[in-house]
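The values are calculated or read from the model by the stated rules, or taken from the named source; none is laboratory data. Quantities reported herein were computed from a predicted structural model and do not represent experimental measurements. Positions of Cβ are backbone-derived with ideal geometry, glycine not excepted, and every protein chain shown enters the neighbour counts.
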Amino acid sequence: MQTDILTPQLLRSAQSVLSFDQARELGERHGTPLLVVSKSKLVQTYRTMRDHLPGVELFYAAKANPNPFVLQTLYEEGCSVDVCSHGELIAAKQAGFDPAGMLHTHPCKTRQNLLDCYNEGVRLFVFDNEPELDKIKTHTPDVQLLLRLAMSADSSLINLSAKFGAHPREVVGLLVAARSRGLNVKGFSFHVGSQCLNPGDYRRVLERVRQCWDEAAEMGFELEVLDIGGGFPAPYRDSEMMTLATYCDSVSASLSEVFGDLPIRLIAEPGRGLVAECVTLVTQVLGKNLRSGLNWYIIDDGIYGSFSGKIFDHVDYNVIAENPFGRPLHPCVLAGPTCDSSDVVARDQMLPEMNVGDLLLVPTMGAYAGASACPFNGLPVAGSAMIA
Ligand SMILES: *Cc1c(COP(=O)(O)O)cnc(C)c1O
């Protein structure tokens, strides 16, 4: 599907944040491949989440995209940040965030990670197992803790409870284990899984979390923080979805229904849903070859670069070619620049005939794309630039 550029959206779909004219100008100035961050799109998305999740503090999951333009913009907007490592902490600190207000969400940290972040001033950490409590007791006993629960939603593309999170039947045991070590557990966190398409799933998950909460209360644990994690989806190839406002309204209603009677602090950790749409990749055709009647275009970014999300994040991107006169579309293969023959970006996109030097735009490249790119084959990862 060719998505029109810059058309108004009723539903939410993959849209480029810039025109081909802008892309040519930025490409000349910065070179390609280039990840272009739209400040206004990021600000608009942040404010939509903030306004439609009233009473919920937003901690941006820096893992999704630690790009300085993204972090600085969110800092200026008054967002908070969630980090998993000292590296992410430093990126966030350089963008202006104060470590004392950061949330560290890695449930299974190295001692060095724990100590480095503690020494920078972080005081709120996540755990999901007893050995982690020993680590915390030994090195940083005065921190506050959230217990991560394993909770996954049916409609999530990526299960984030397969590796982390305590089973509900372990909850009381872990709370007792923390108390016996004199550690301060403030509440629960969970993650419904990334790219959770149905906000109704939050309702079912919150009900299960509420059971754990009530069980803990019966045991005398006075919890006061509920962290609902990330999972807010973004539109990728061919997907049209409800607007972010509608999605957040639904999550907010579930929160009121299930936890509205408790005067607690609510936190969310959006990654993808907050930043994916504000970045569009500008990539260039660097070679062309007719192979068995099919055009192969070699482009300057691939699966080891910004398209790494195709592998690690299981998403498919919409590639847009400039086609003002409606030239006929043909099947083709789009392949990345490395010498690895598995470095193929798309085999099933219909595009007009292109030439070396032509630019392509790839929307929804703001999360888990550049963040997991590597310079394999000695080819540099994409640069970045910010536009208004
Ligand atoms: C990855 C991650 C997030 C962000 O998830 P999204 O689905 O991108 O919103 C939030 N919290 C934790 C603990 C994570 O690991």
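For this structure, a couple of remarks:
- Residues in segment 273-302 that are under 18 Å from the mean Cα position of the chain (by Cα) and more than 16 Å from the ligand (Cβ to nearest atom) were compared, and the one that is surrounded by the most Cβ atoms within 10 Å (Cβ to Cβ) is L281.
- Test: residue in segment 117-128 that is of a type in the set (S, T, Y), within 22 Å of F59 (Cα to Cα) and either in the same structural domain as G229 (by TED's automatic domain parsing) or touching a Ser or Thr at 6+ places or on another chain (Cβ under 6 Å) (or both): yes
- Long-range neighbours under 6 Å by Cβ, at least six apart or interchain, first residue under 25 Å from Y60 (Cβ atoms) and in a loop (DSSP other than H, G, I, E, B) within segment 342-370, second within 16 Å of the ligand (Cβ to nearest atom) and among the polar types (S, T, N, Q): G366/N65; A367/N65
- From the options V185, V192, residue that is within 16 Å of the ligand (Cβ to nearest atom), touching a residue at least 40 places away in the same chain (Cβ under 8 Å) and β-branched (V, I, T): V192
- Counting only helices (runs of 4 or more DSSP H) that sit wholly inside segment 1-105, those with at least 1 residues that are in the same structural domain as G229 (by TED's automatic domain parsing) are 39-52, 68-76, 86-94.
- Output for segment 160-173, where each listed residue is away from the ligand (no atom under 13 Å from the Cβ) and surrounded by 19 or more Cβ atoms within 10 Å (Cβ to Cβ): A166, V171
- Scope segment 138-154; condition within 22 Å of the chain's Cα centre (by Cα), assigned to a loop (DSSP other than H, G, I, E, B) and surrounded by 16 or more Cβ atoms within 10 Å (Cβ to Cβ); matching residues: A150, M151, S152, A153
- Residue check, S341 over 16 Å from D238 (Cα atoms) and within 18 Å of the chain's Cα centre (by Cα): no
- Among the residues of segment 332-349, some residue qualifies, meaning at least one is in contact with a strand residue (DSSP E or B) (Cβ under 6 Å, 6 or more places away or on another chain) and surrounded by fewer than 13 Cβ atoms within 10 Å (Cβ to Cβ).
- Residues of segment 212-245 satisfying the condition of being free of Cβ contacts under 8 Å to residues at least 60 places away in the same chain, out of contact with any helix residue (DSSP H, G or I) (no Cβ under 7 Å at 6 or more places or on another chain) and on the phi < 0 side of the Ramachandran plot: W213, D214, A217, E218, E222, E224
- Selection count where residues are more than 15 Å from the ligand (Cβ to nearest atom) and in contact with a strand residue (DSSP E or B) (Cβ under 6 Å, 6 or more places away or on another chain), scope segment 225-243: 2
- The residue of segment 76-100 that is nearest to M386 (Cα to Cα), among those that are acidic (D, E) and within 16 Å of the ligand (Cβ to nearest atom), is E88.
- Looking at S80, S13, S85, just one residue is under 27 Å from H191 (Cα atoms) and surrounded by 20 or more Cβ atoms within 10 Å (Cβ to Cβ), and that residue is S13.
- Taken together, T73, T48 contain a single residue that is within 15 Å of the ligand (Cβ to nearest atom), touching a Leu at 6+ places or on another chain (Cβ under 7 Å) and among the hydroxyl-bearing types (S, T, Y), which is T48.
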